[in-house]
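In what follows, a structure is listed as structure tokens, so that the remarks can point back to it.
The values are calculated or read from the model by the stated rules, or taken from the named source; none is laboratory data. As the structure is a prediction and not an experimental result, all values here were calculated from the model. Glycine also receives a Cβ, built like all others from the backbone with ideal geometry; neighbour counts cover every protein chain displayed.
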Amino acid sequence: MSMNSKSGSDMSNKSSVRIEPWGEGDLPLLKKLLGDPAMTEHLGGPESDEQLVRRQARYEKLVESGKGRMFKVVLQETGEAAGSVGYWDSSHNGEEIYEIGWSVLPAFQGQGIASMATTLAIAMARSDGKHRFLHAFPSVENPPSNALCRKLGFTLVEECEFEYPKGHFMRCNDWRLDLL
């Protein structure tokens, strides 16, 4: 899947991205995304190598489990991995939902990549037809992720306490998108 866009700061030659199913060779990318203190500032800090290996295995098996999808975000022009995006089954306030999350490496931030990739993932979640609502829970202290939710048409439901990772609670905004 690819998406062309000239929004945000024009990505010139890198004006499109594609999302590819998360695969066996993506552990190095995962380490850059979730093993780095700066990248996990709004997520409770970096995960250990052991935690990342377990997460990699979960990401690889997510589709066959029928509980969601995880993708690598790839620049169309260069084939370079720029981040991740995915959605998975979750429960929130007694309702079965999809939860969505994304992460873009620092070198690619501010170029509209998260917006393009998340738009593609939303289309996939919509086509799956499993849940009516898709929620995102960015930290209240993460202005870029909250702005992305607003830009993509999510509705701000409330500020809430959210546990991520297990044992770490943070203040998040609950953004909801109707997939119908």
Q: For segment 142-158, state whether one or more residues are within 20 Å of S90 (Cβ to Cβ), without any contact (Cβ under 8 Å) to a residue 60 or more places away in the chain, among the aliphatic types (A, V, I, L, M) and assigned to a strand (DSSP E or B).
A: yes
Q) Residues in segment 147-163: is at least one surrounded by fewer than 20 Cβ atoms within 10 Å (Cβ to Cβ) and β-branched (V, I, T)? A) yes
**Q.** Test result for S115, farther than 21 Å from P21 by Cα and buried (at least 17 other Cβ atoms within 10 Å of the Cβ)
**A.** no
Q: Would you kindly identify the strands (runs of 3 or more DSSP E) lying entirely within segment 1-120 that contain at least 1 residues that are of a type in the set (A, V, I, L, M), farther than 24 Å from S139 by Cα and modelled with pLDDT under 95?
A: 2-4
**Q.** Residue check for V53: over 18 Å from I19 (Cα atoms) and surrounded by fewer than 20 Cβ atoms within 10 Å (Cβ to Cβ)
**A.** yes
Q | Top-ranked residue in segment 42-85 [being charged (D, E, K, R) and closer than 27 Å to F133 by Cα; ranked as farthest from the chain's Cα centre (by Cα)] | A | E64
